[in-house]
Amino acid sequence: MAPRNCVLCEKNKAMLKRPKTGQQICKDCFFYVFETEVHNTITDAKLFSPGDRVAIGASGGKDSTVLAYVMKTLNERYAYGLDLFLLSIDEGITGYRDDSLETVKRNQQQYSMPLKILSYDELYGWTMDSIVKQVGRKNNCTFCGVFRRQALDRGAAMLGVDHIVTGHNADDIAETVLMNIMRGDIARLGRCTSIVTQGEDTIKRSKPFKYTYEKEIVMYAYFKKLDYFSTECIYSPDAYRGHARTFLKNLEAARPSAIIDIIHSGEAFEIREEVKATQKVQQTCRRCGYMASNDLCKACTLLEGLERGMDTTGITERARKKMEAEGPAPSNLRTIPFYKRTAGSPAVMIESSPA
Amino acid sequence: MSSCGAPAAEGGEALMQKRQKYDKSKNCVRCKDNIGNIVVRHAVYCKNCFSPMIAAKFRRGVEPYVNEAPKGRRRLKASGNILVGLSGGVGSTVILDLVNQSYFAPRTDTPGGKEHPRFNERIWQKGFVCYVDISAVFPNMRDRTNEVRNAAKTYDALEFILVRLENAFDDSWWTSVGGKPSNSELFVDFADQDLLITAISDSNTDPVAALRTFISALPTQTAISQAIPTLVRVLLLYTARHLGVSHVLLGTSLTSLSISLISSISQGGGFTVREESDEQWMAPGSTTPIRIIKPLQDVGMKECSAWAWWHGLPVVQKEKLPGTGQDIAALTKDFIVGLEKDYPSTVSTIAKTCAKLAPKHGSVRRCLLCERPIQEGIDDWLTRTSIRSLSIGNTTPRFSTARLTPSLCYSCHTTLTSKSSRGATKSTSSFVRLPVWLSAGLQSAEYSMFQIPDERDQPAEKTSAKDTEVWQTRKIGQQEMKHAIGDFLIEDSGQ
């Protein structure tokens, strides 16, 4: 069957079937709708103000590579007036980050954006290699995830930025909605579809790719010839996210709109008022000043557990209480530097892009 | 961002720990004497203790909703009749048995004497069992009406009512249940995102043909699996209204509820997630709502099956719809039933989590297809998040033509318009007759804003790694990217 014309411009030959809408469109129209939808997401949520310093969480993977490209494009096209930075976290996994950090460094040059790379080793005194060596592979995601989140905030504070944008896409959000329902995590379910998250003392964080399908991100990278590194973590079959991910992919195959439909569902409901009243109030970590649900934030609890050889301390409530019962932390314990936001002025030297 | 996921990134458990099937001993947790016969979410019950436990759960699920003013009177007295929806499946068969046993069958085992008021006055004056036959959907489906009728015969205190799915397109049925006959037959174009409405005067009025046209015009198998229960539900509700019913009881078990919750959320039904477990329906023009109760929503499918087996209930084998299996409802069912085997608590976690949710905004309108609340602003949200036209903001929206879209909830709109990634995209118009209540709703005063165009008589042309994690870092080349999106490339679209 001869290819039809693009249903949008009705002039060019259709080259792809858009995963999100099923429409047959041409390459130029695909770029247009892809970028315009991200622009709509940004403007509808009023994510930025002129003069904002914005860090792009860059891993060298497809999402952040495309995000950096699109942010630069939109910033110029629509005159957002943003100062864009690249912020990368080096978890310290031998062979894992080396190649993808090269991609980030190349982005730094291509897009003329300053880059800051912050390592776990620098911040926590532990690399993921050393953590895995101590705790094994079973719970290492907990450490990596908690440490990465805080590292991004701290890296952003060092850069003196107002805002971090991450490459979380529609698939990630839909998957998180399902996962939080299945494990009964009502607090996270309530906030996982929010485009912006910001604690009292944390840097504003947002997801401009909230409505962007993973497949379309790959498609965009393909047509724009952007190269990236795949940094997938293969989960054990029993993991919650693994279940949710497989299920979501099946749903998408059955009906591609399932991803955006789940996000729509997640945006349409909220936690009932009487349930909200029972939620924990956010506190500040007494050791490092970061947001926390208990006296100590999750990262400090995990780090103390590592330092004291009690690895599951931050994983289960029971282990945390056990550690508390064993007495106060020794005075020579390595801790995370106190968290202080310094918006507007960088607290560290950052690598400027070569002219 | 295809993150490593970090399921426990903010402190949750990374793994779902498998537990023993039962907690302590093999003896019944209730009487402590008998050896258990069934394990219900890690607790062991013997056969003798199991039945009262389920019956008590059932009554707890019904009785708080019986009186109109719950605190006003102690005595249970409903404002209308009761209708049990019977599909012939396990859940509805069990609930019919429980309704009969608890509220209609003569009871001799209760103290209080023959003159006690509980023997003289029923909570509901009349009871009905309603079966909606769906065999007309496809030509070769078996009509199970007689089997279901025979199964319901045992309960002679409840009157059997038969409704057929094609009644949704039958004006005479609509009039017989008190509906206002519509002035003209309304049709909708499923090929158009806006779902343009037109009126056709000279049309085929055979309800079966109209039903089949409606079903075959739906864009995906998921839409078919979603549309049929929606039609069944609304047919039940209008039948209930006609019979003066105040309470409709459905045999949705905890397992079925979890399936329908996840399935509904996956189809964009988040705004009405509460209605999946607890719903009050106000018929147009009525002042008293009908309460739809699912009293088995705390009872798993396994317990329902055990009840049916131990009480010798005739469960009619359900016939599978042709082509089902890869639709969202079936995938969700497989997923949840699979989870329930290994992690029995997950099913109740899903239901409990969803019970803590409420719609973000209030609603003043209801969807004309499913009769559930509509969230406002859907049209705009869709336009902003999924651009389908380059003319956004440059042209006047198509309000001059009658559109069904604004009268539908997100979920129903998705059902009628969302296409599959496989198969050809329909490019020609396919005008399909609308269900009777939808036509009536569109022609009511509330929706008189929809002007039927003058030319309406002439439809327009139109890896698995056990217990380990492996970090993999690979450069993704153009070929691999192409492979990932290959299904969506129309031809060799390498630049």
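The values are calculated or read from the model by the stated rules, or taken from the named source; none is laboratory data. Everything quoted here is computed from the prediction, not taken from an experiment. Please note: Cβ atoms are built from the backbone with ideal geometry, for glycine as well, and neighbour counts cover all protein chains shown. For the accessible areas, the whole protein counts, side chains as well, though only heavy atoms, and no ligand, DNA or RNA atoms are used. Shrake-Rupley method; radii C 1.70, N 1.55, O 1.52, S 1.80 Å.
Measure off 7 Å from each Cα along the Cα-to-Cβ vector at A:ASP295 and A:GLU324, then give the distance between these two points in nanometres to one decimal.
0.7 nm
Indicate the residues belonging to the range A:1-34 that lose 40 Å² or more of solvent-accessible heavy-atom surface (probe 1.4 Å) upon moving from the chain alone to the assembly of all protein chains, ignoring ligands and nucleic acids.
Listed by number, the residues meeting the 40 Å² cut-off are A:ARG4, A:LEU8, A:MET15, A:LYS17, A:THR21.
At the nearest 100 Å², what buried accessible area, both sides summed, do you get for B and A when the probe is 1.4 Å?
9800 Å²
May I ask you to give the solvent-accessible area per residue for the range A:28-275, in square angstrom, as obtained with a 1.4 angstrom probe?
Working: 7040 Å² over 248 residues.
For the range A:28-275, the solvent-accessible area averages 28 Å² per residue.
Between A:LEU8 and residues 5 or more places away or on another chain, which pairs have amide H atoms under 5 Å apart, with H built 1.01 Å from N, and which residues are they?
Amide H to amide H, under 5 Å and 5 or more residues apart or across chains, A:LEU8 pairs with A:CYS26.
The range B:287-380: which trypsin sites (Lys or Arg not before Pro) are DSSP loop and have at most 15 other beta-carbon atoms within 10 angstrom?
B:LYS318, B:LYS320, B:LYS360, B:ARG365
Compute the accessible area per residue over the range A:280-338, keeping the other protein chains in place, probe 1.4 Å, unit Å².
Working: 3270 Å² over 59 residues.
For the range A:280-338, the solvent-accessible area averages 55 Å² per residue.
Solvent-accessible area per residue for the range B:325-365 at a 1.4 Å probe radius, Å²?
Averaged over the residues of the range B:325-365, the accessible area is 45 Å².
Express in whole angstrom the spacing between the alpha-carbon centres of the range A:1-80 and the range A:109-164.
Going from one Cα centre to the other spans 28 Å.
Only bridges whose two residues both fall in the range A:1-93 count here: according to DSSP, what percent of them are antiparallel, nearest 5?
Of the beta bridges lying entirely in the range A:1-93, close to 40 percent run antiparallel.
Which whole-Hz ³J(HN,Hα) couplings does the range B:146-159 yield from phi under the Karplus relation 6.51 cos²θ - 1.76 cosθ + 1.60, θ = phi - 60°, glycine and proline marked x?
5, 5, 5, 4, 5, 5, 7, 4, 4, 9, 6, 6, 10, 7
Between B:ASP156 and B:GLU68, how high is the FRET efficiency from 1/(1 + (r/R0)^6) when r is the Cβ-Cβ distance and R₀ = 35 Å? Nearest 0.05.
On the way: r = 29 Å, r/R0 = 0.81.
Efficiency, rounded to the nearest 0.05: 0.75.
Please list, in order along the range B:318-328, the HN-Hα scalar couplings obtained from phi with the Karplus expression 6.51 cos²θ - 1.76 cosθ + 1.60 (θ = phi - 60°), rounded to whole Hz, x for Gly and Pro.
Karplus values, whole Hz, x for Gly and Pro: 7, 8, 6, 6, x, x, 7, x, 10, 9, 4.
So for the pair A:GLU102, A:SER331, with labels modelled 7 Å out along Cα→Cβ, what separation do we get in nm?
Rounded to a tenth, the inter-label distance reads 4.9 nm.
Near the amide H of B:TYR155, under 5 Å away, which other amide H atoms are found, from residues 5 or more places off or on another chain, if H is placed in the peptide plane?
none
Ignoring any ligand, DNA or RNA, what whole percent of the accessible area of the range A:280-338 comes from carbon and sulfur when the probe is 1.4 angstrom?
49 percent
Please go through the residue pairs B:LYS47/B:LYS341; B:LYS126/B:LYS356; A:LYS116/A:LYS204; B:LYS47/B:LYS333; B:LYS153/B:LYS352 and name each one whose alpha carbons sit more than 24 Å apart in this structure.
Flagged as over cut-off: B:LYS126/B:LYS356; B:LYS47/B:LYS333; B:LYS153/B:LYS352.
Can you list residues from other chains, or at least 5 along the same chain, whose modelled amide H is less than 5 Å from the amide H of B:ALA191?
It is B:SER430, by chain and number.
For the range A:28-275, which whole-number percentage of the solvent-accessible area (1.4 Å probe, protein heavy atoms only) is attributable to carbon and sulfur atoms?
Roughly 46 percent of what the probe reaches on the range A:28-275 is carbon or sulfur.
Using a 10 Å cut-off on Cβ atoms, rank the peptides A:83-90, A:183-190, A:281-288 from the highest mean neighbour count down.
Top of the packing list down: A:83-90, A:183-190, A:281-288.
Only counting protein heavy atoms at a 1.4 Å probe, give the residues of the range A:177-192, ordered by number, whose accessible area falls by 50 Å² or more when the other protein chains are present relative to the chain alone.
Those are A:ILE181, A:MET182, A:ARG183, A:ILE186, A:ARG188, which lose 50 Å² or more relative to the chain on its own.
Assuming R0 = 51 Å, can you tell me the calculated FRET efficiency for the pair B:GLU319 and A:ALA79, based on Cβ-Cβ distance, to the nearest 0.05?
0.25
Evaluate the distance, in nm, between pseudo-label points positioned 7 Å from the Cα of A:GLN198 and of B:LYS352 along their respective Cα→Cβ axes.
3.5 nm
Using a 1.4 angstrom probe and counting only protein chains, how large is the accessible area of B:HIS242 in Å², to 10?
The accessible area of B:HIS242 comes to roughly 100 Å².
As a test question: what accessible area, to the nearest 10 Å², does B:SER172 have when a 1.4 Å probe is rolled over all protein chains in place?
Per-residue accessible area (B:SER172): approximately 80 Å².
Are there any helices in chain A, counted as whole DSSP H runs, that stretch 24 Å or more along their axis by Cα and score at least 0.0 on average by Kyte-Doolittle, and if so which?
Helices passing the filter in chain A: A:140-159.
Once you sort the root eigenvalues of the Cα gyration tensor of the range A:280-338 as a ≥ b ≥ c, which label holds: rounded (a/c under 1.5), prolate (a/b larger than b/c) or oblate (the other case)?
Oblate.
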